[in-house]
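Scroll down for the structure; my scribbles are underneath it.
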Amino acid sequence: MEAFSLAMAFLVILFAISFVAFRNASNVDTNLPPGDSGWPVVGETLDFVVNPEKFISDRMKKHSPDIFRTNFFGEKIVIICGPNGHKFLFSNEDKHFTAYVPQAMQKLFLSSQPKTDKLYRDSNVKLLRSPGFLKPEAVVNYVPGMDSIIQKQLKTHLEGKTEVKIHPFSRSLTLTLACRFFLGIENPERVAKLVGQFDIVTNGIHSLPLNVPGTAFYYAVKAAAVIRKELADVVAEKKARVLGSGAPTQDLCTTMIVGGYMPDEEISEKLMGFLVAGYSTVATTLTFFMKLVGERPDVYHKILSEQLEISESKKPEEELLSWNDVQKMKYAWAVVCEAMRVVPPVLGTFREAITDFSYAGYTVPKGWKVFWTVNTTQRNPEYFQEPNKFDPSRFMKSEEMPLYTYVPFGGGPRMCPGKEYARLAILTFVHYMVKKFKWELIEPNEKILGSMVPLPEKGLPVRLHPRYV
């Protein structure tokens, strides 16, 4: 018993020493930004995921409104805040910063073959800079196909229904679109049927990468394996067709196959990453568009008026939307922009410091991770009056907003490459949704969950009322 007590005392003392050393290890350089490291291993992850907006605002008040340090998802992190912070970050891409993929994402989207984080970043940059599939001149050609798919999905899943859950529907819809235009397959439902697996992966991306039964990451690893196997089959079939016929197509899968700079296994892994990114943020935007407009009949009627005017201006033989039609949707896009301001589809993204850098009087060492978040400006009363109020007129005013305060797509050379694709998908959905249905929220006070990506607790159930019977 005495030996056991001594052993326990030794473990307690060892843990205490480790904890103090952990908290103070980063303080060797006294010019580091102010902040805390939290607990060993988990850092401040738990506080962050419970309420990230409160986590950041509390620490801005406690430490600094410009920059502070923390530790979550197993990384030493500084959070840069405000429009000046955004400007500094976006203006110094590839000089002080490079893209960074969190550990959980690396492990989910990479195979067991060892690859360095640098090689992973470099191959992604090369891929994004390759010609074609997401540039505006290419997205113009997606309009007819996107129009047809959205109309079909509305008819199949919403018409004839009195009550539906919008969040599951929006996920299925946007994954179907991503499969069609990223994979270039004529039967996008083949992969979209795995939407549940994609949801599990999305949940595991922003978690501690602990592959232990019961954790979000553990389930995400299993789901990623299922998706990767299906995508490997798709890639093999696509490769046989592309190399056999030589017919060029503008989609991500073909770009990677024809480029010839990565093996099939890596193509499948990258496709999974792009599909997750391409469906989850668009689905979140559609969901909260429906929620916020469902609370404001006046906004709904203004959108409807604009969309009916567009339809009435079309020639009888023009059944599908055109690129010019989408450009006319000024008020609808203002509503979508305000929805993304009030409920950002993603909280922020990571960078890695490739050199020591100084900001706001502090120095951050090379190798530290940098996190920037939209909420330090988009929901800040200093830049948006009554920030919690849903007011689309903000985006219809002639005067420009202060620079770097509204950044849902990021900025600088790494601005989201899928911005035009997302805009087209969202506005095409809005056009047909408001023309076909009115809706009301069944759970007006539904709780919003999620840390990095928000989601309605009950899937946003709505009651549909067809406009035409």
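The values are calculated or read from the model by the stated rules, or taken from the named source; none is laboratory data. Keep in mind the model is a prediction, meaning the values are calculated, not measured. Note: ideal-geometry Cβ built from the backbone for every residue, glycine included; neighbour counts use all protein chains shown. Ligands, DNA and RNA are excluded from the accessible area calculation, which covers all protein heavy atoms including side chains. Shrake-Rupley method; radii C 1.70, N 1.55, O 1.52, S 1.80 Å.
Worth pointing out:
- Sum of side-chain charges, GLU318 neighbourhood, beta-carbon under 12 Å (Lys, Arg +1; Asp, Glu -1): -3
- Links that overshoot a 23 Å alpha carbon limit, given the list LYS161/LYS438; LYS165/LYS222; LYS62/LYS419; LYS95/LYS366; LYS328/LYS458: LYS165/LYS222; LYS62/LYS419; LYS328/LYS458
- Candidates per chymotrypsin sites (Phe, Trp or Tyr not before Pro) in the range 239-313, loop by DSSP, up to 16 other Cβ within 10 Å: TYR261
- Entry comment: accessible area of the chain is 46 Å² per residue, from protein heavy atoms only and a probe of 1.4 Å.
- Farthest positive-ward along the range 222-358 dipole, Cα basis, beta-carbon charges - from CYS253, TYR300, PRO344: PRO344
- Note, ³J(HN,Hα) from phi for the range 433-446, Karplus 6.51, -1.76, 1.60, rounded to Hz, x at Gly and Pro: 5, 6, 6, 8, 9, 9, 8, 9, 6, 7, 10, x, 9, 4
- Short-range pairs are left out: with C-alpha atoms under 8 Å and at least six residues apart, the relative contact order of the range 340-469 is 22 percent.
- Normalised by 2.2 N^0.38 Å, with N the number of residues, the alpha-carbon radius of gyration of the range 197-291 equals 1.28.
- Note on the chain: with charges restricted to the Cβ of Lys and Arg (+1) and Asp and Glu (-1), its dipole about the Cα centre is near 240 debye.
- In order along the range 316-323, the phi-based Karplus estimate (6.51 cos²θ - 1.76 cosθ + 1.60, θ = phi - 60°) of 3J(HN,Hα) comes to x, 7, 8, 7, 8, 5, 10, 4 Hz; Gly and Pro are listed as x.
- Under 5 Å between amide hydrogens, built in the peptide plane, is the criterion, and for LYS438 it picks out HIS465, ARG467 among residues at least 5 positions away or on other chains.
- Taking amide H positions as modeled 1.01 Å from N, with prolines and chain starts lacking one, no residue 5 or more places away or on another chain lies under 5 Å from PHE384.
- Using every pair of separate Cα atoms, the Kirkwood estimate puts the hydrodynamic radius of the range 123-237 at 16.2 angstrom.
- Computed from backbone phi with θ = phi - 60° and the Karplus coefficients 6.51, -1.76 and 1.60, the 3J(HN,Hα) list for the range 145-151 is x, 5, 4, 5, 5, 5, 4 Hz; x is used for glycine and proline.
- Sequence ranges 384-391, 397-404, 410-417, ranked by mean other-Cβ count within 10 angstrom, highest first: 410-417, 384-391, 397-404
- The chain: C-alpha gyration tensor shape, a/c 1.5 cut-off, then a/b vs b/c: prolate
- Helical runs (DSSP H, four residues minimum) scored at -39500 (n - 2.57) apiece and divided by the length of the chain put the mean residue ellipticity at 222 nm at -16500 deg cm²/dmol.
- Overall form of the range 234-347 per C-alpha gyration tensor (a/c, 1.5; a/b vs b/c): oblate
- Carbon plus sulfur fraction of accessible area for the range 274-343, probe 1.4 Å, in percent: 54 percent
- Cα gyration tensor, the range 366-430 - rounded (a/c under 1.5), prolate or oblate: oblate
- FRET E, pair ALA138, GLU312, Förster distance 41 Å, beta-carbon r, rounded to 0.05: 0.90
- Reachable lysines, given that their alpha-carbon falls under 24 Å from the alpha-carbon of LYS238 and they are not under 8 places away in the same chain: LYS126, LYS135, LYS193, LYS229, LYS270
- Database remark: amide H of TRP39 closer than 5 angstrom to the amide H of GLU44 (H placed geometrically; neighbours at sequence offset of 5 or more, or on other chains; Pro and chain starts carry no H).
- The range 202-314: relative contact order as a whole-number percent, Cα under 8 Å and 6+ apart: 18 percent
- Rg ratio (alpha-carbon, reference 2.2 N^0.38 Å) - the range 307-445: 1.34
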